[in-house]
Every structure is written in structure tokens, then in C-alpha cells.
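This report refers to the structure that appears directly beneath it.
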Amino acid sequence: MAPGVPALLLLLLLLPSPLPGLPPRAAGCPAACRCYSATVECGALRLRAIPPGIPPGTQTLFLQDNSIARLEPGALAPLAALRRLYLHNNSLHALEPDTFRAQSRLLELALTGNRLRGLRGGAFAGLAQLRVLYLAGNQLERLLDFTFLHLPRLQELHLQDNSIELLEDQALVGLSSLALLDLSRNQLGTISREALRPLASLQVLRLTENPWRCDCALHWLGTWIKEGGQRLLSSRDKKIVCAEPPRLALQSLLDVSGSSLICIPPSVHVDPLEMTANLGEDLRVACQASGYPQPLVTWRKVSQPREGRPRAQAQAEGEAPGLGGHGAPDTGSGMLFLTNISLAHAGKYECEASNAGGAARVPFQLLVNLSQQQRLPAPPSPPAAGPVSREPLYEAGSMAFRALGLATQTAIAAGIALLALTALLLAAMICRKRRKRKKAAGPPGESVLFVNDYSDGPCTFAQLEELRDERGHEMFVIDRSKPLFTEGPVAEALPDRAPAEGAAPGSAPGLLFPPPVAYELHC
């Protein structure tokens, strides 16, 4: 016997033999997993990712009760032969598009008990043969349009024990082979007839234990169940209990008359209806909506129709910057948020509120104020020769005076008033100077002082007739034929009156400054 052979035989004898009833371990089985036939069991191993080394011919793969949070792109690509995949009770937060693109033969997929909050479009692309899909016990809140579009042969869809509150009208499109739909124990308040219309093969429908809002939008469901839909519901599933309104709470939908299922059309209020914002500012506008059920509020920017274009097409054009492609839906307050306002934000907006009872709209006008530091650049001058530009022309008058802010308008008005006042003052000063010049150049005798010494007795006011000369000066009627003082030496009229103290030599008695001519009043 060759040297070393006894030691090799002893090592083989010490190796553990497979347990009774289990096939020998496959050569390519991942560590800590159990592999037999075409099945690989890797459950409850605290795995954080799909383990490497899974045989490509595996048809059934158990990965339940682990801590897998994400399916890496391409992790399942080598497993094209999979028929059943069990990933329940893990920590999956999302499913990337094309995750199962290589599993064209998969028949059953279990994703129960994960942390899925939403399902992206294309998450189930490639699963053309899938028959059963378990999505129960997740955190799903909304099922968007065309979520299950790539599952034409799906027969069972389990969505119970989630938080689904919205099922869009086209969410179940493509499920023409679906026989069982379980939506029980969710947060559904309503469901539309259009949402269930694609389910031509439906045989079992479970809608119990949802907070149903019994209004006009749910009228069709009660009628449908009474007319023939009850064949899809078991005796337990027929107990669709109303949670709202309070007057119908805890009543079965089938026991409520159609006249009691009412809606209140929405009403909308926006205050103010017109606002002015400065460049670079942020703006917040509230759209208050009321009605029953609570209306869905959407903001959108209304484009101005141009000549020769249909109005409907013009209104459906692009949204305002900061609004997004389809507006900004909200309920109740309906806040419109605009950040870093530019000229592109200026224009007309529309707040729309809609519910099952109808729709209401209110317009809103936004004006953008240009500061003095920021002006529009001058448009480039057209070339002397060349093809005519096809660029759209801007509408004239878009930056009218009313588009300016209130503070700017007030400042402009105050400036205009100040200029007008300055002009009036200048005109008054000029007129005053001219009048002084004319007065200085007047003829001698214009500044004559007329004195009454009461020598002929006192004169009454009634005896004095007031009039004005040709220059507008007040005068009294006097007897100019009897002079009182003459130019030169002092006259002899008033000989008995002594000169006043401080009077200059040659001045008239009682006068500080003798006038050149004076006359006696004649009464």
C-alpha cells in the first residue's frame, strides 16, 4: 500500500454521513443552505443578500425569514429556471424595474411580510407566466396605473393587510386572467367601477374590513352586488360596512338606500386673486376647498392661447415652473409653492377642486415686479440679411404699469407730484421777481403817503370810497387839487404842528420819512 493511503482512508471514515432520508448535498450548494433535487432552502439564516453559488438549475428557492433589504440588479439573472421564489418575511423596501426580467418561467412569487411602500412601473416585467403573487402584509399605500400590466396570466393577487387607500382606475389593467383579488383589511374609502372593469375572469373578491365612505361614488358597488356581483362574495365578504358619514356609520352598504348615498360638490376659495412678487422671492398661495367627500385640489398654470390655435390645446400646455408635469395635487389647503420666482412664473394660474360630486375652478393672477437693478436685456438687433427668425414674439404690454409692485407705483406717483410742485414754485418765484421789477420802475408819486390831519373834521368810513388803480393798489378818493406837501421845502399847511422827534430836517411834521407828494383828504 502506498504511503499516506491509510491516513486518507481514516479521514474519509471520520467525515459525517448525510442524514437518513435526505439526498447527498449538491456540489454547488451555498454555505449553510440545504439543497436537494431542484430545491434550495436558505430560510432563517439572517441573510442580508441572496447568497452566491445557487445552482442555475434551481426551480424552487426558499429565502424566507431573513434580513434581505434589497435585491441587487442581476442577482437573480443566473436563475432562469426558477418556478417558485419565496421571499416572505424579509426587509425589502422597494422592487427595482426589471428585477425579475430573467424569470420568464416563474409561477409563484411570495413577497408577504416585507416593507414595500410602493410598486414602481416595470417591477414585475418579465413574469409573463406568473400565476400567484403574494403582496400581503406590506406597507403599500397606493396602487398606481398599470402596476400589474406585465402579468397577463396572473390568477391570484393577495393584497390584504396593507395600508392601501387609493386604487387608481387603471391599476389593474392587464389582469384579464385574474380569478381572486383580496383587498381586505386595507384603508380603502372608495373604489371605482373602472378599477374592476379589466377583471373579466374574476371569481372571488374580498373587500371587507376597509373604512368605506358611503357616498355617491360608492352607489354603483351596492347596486352591482345586488344585481349579480354577490356571486363573487362569500357570506362574510358581503359585510361591507360604512365608516363615513357618521349618520351611516356601522351600517352595511347593502342596507343603505341609494338616496342616502350623497355627495356635496366642491367649492373653492383663493384669497387674494392677484398677487405681485419680486424676482427671486418665494411665494405660497392657499386654495381652500370644501365639499364631501374632501375634494382633491390641483394647481396648474394656464397658457395664453395664441391666434390661430385651438383654446383647448393652449390650455393643456406646459405647467408652471415648480409645479411639475401634472400640477401639485393636495387636499384641503391646496398650497401652491413657487421658489426663486422669475419672469417665467408670471401669468394666470388655476386652482381646481374635484370630488365625486363635481369640480370647481378659481383663477389666480401672478405678477412679477422687476427691480431697478435687474432689467430685461435688450433684444438683439436683426441681421441685415439672412433668413427670417422663427422664434415666437413676446406679447406687447406684458410689463405694464400695473405689473409693478405697490411700493414702486407709490414712489413713481410721489416723484411726479414732487416734480409738479417744484415747477409751480419756480413759476411763482419768476412771477414775483417780474412784479418787483415793474414796481421798482414805476413813475414818481406811486408811493405817495396820503395823510388826513382832520382839519376839516373827521371822515367816516362811509365817506371813503375804496377803489383800485390800474396797478391794483388800494387808494382813497382825495382832492388832488389841494396839495398838502410839495416837493422841496416844507409847506405852510399845518403850521401849528411841531416836527416829530427824530425826524430828519425838511421832513413833514409827524412823519419819519417824508413822502415826495401828499394830498389832503377831502370829506
Looking at (1) more than 28 Å from Leu172 (Cβ to Cβ); (2) among the small types (Gly, Ala, Ser); (3) touching a Leu at 6+ places or on another chain (Cβ under 9 Å), which is the only condition Gly74 fails?
(3)
Output for the stretch 400-421, where each listed residue is part of a helix (DSSP H, G or I) and at pLDDT below 60:
Phe401, Arg402, Ala403
Please give the strands (runs of 3 or more DSSP E) falling wholly within the stretch 203-313 in which 3 or more residues are surrounded by 14 or more Cβ atoms within 10 Å (Cβ to Cβ).
204-206, 242-244, 264-270, 274-278, 287-292, 296-302
Within the stretch 147-176, which residues are open to solvent by less than 10 Å² (accessible area, probe 1.4 Å) and in contact with a helix residue (DSSP H, G or I) (Cβ under 9 Å, 6 or more places away or on another chain)?
Ala171, Leu172
Any residue at all in the stretch 41-62 that's assigned to a loop (DSSP other than H, G, I, E, B) and closer than 20 Å to Gly122 by Cα?
no
Among Leu188, Leu133, Leu199, the single one that is within 26 Å of Asp98 (Cα to Cα), open to solvent by less than 20 Å² (accessible area, probe 1.4 Å), in a loop (DSSP other than H, G, I, E, B) and in contact (Cβ under 8 Å) with a residue 12 or more places away in the chain is Leu199
Does Ile164 satisfy being modelled with pLDDT of 95 or more and closer than 27 Å to Cys214 by Cα?
yes
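The values are calculated or read from the model by the stated rules, or taken from the named source; none is laboratory data. Remember, it's a predicted structure, so these values are computed and weren't measured experimentally. With ideal geometry, Cβ positions are generated from the backbone for all residues, glycine too; neighbour counts draw on all protein chains shown. The protein model used for the area step is the full one, side chains on, heavy atoms only, and it has no ligands, DNA or RNA in it. Shrake-Rupley method; radii C 1.70, N 1.55, O 1.52, S 1.80 Å.
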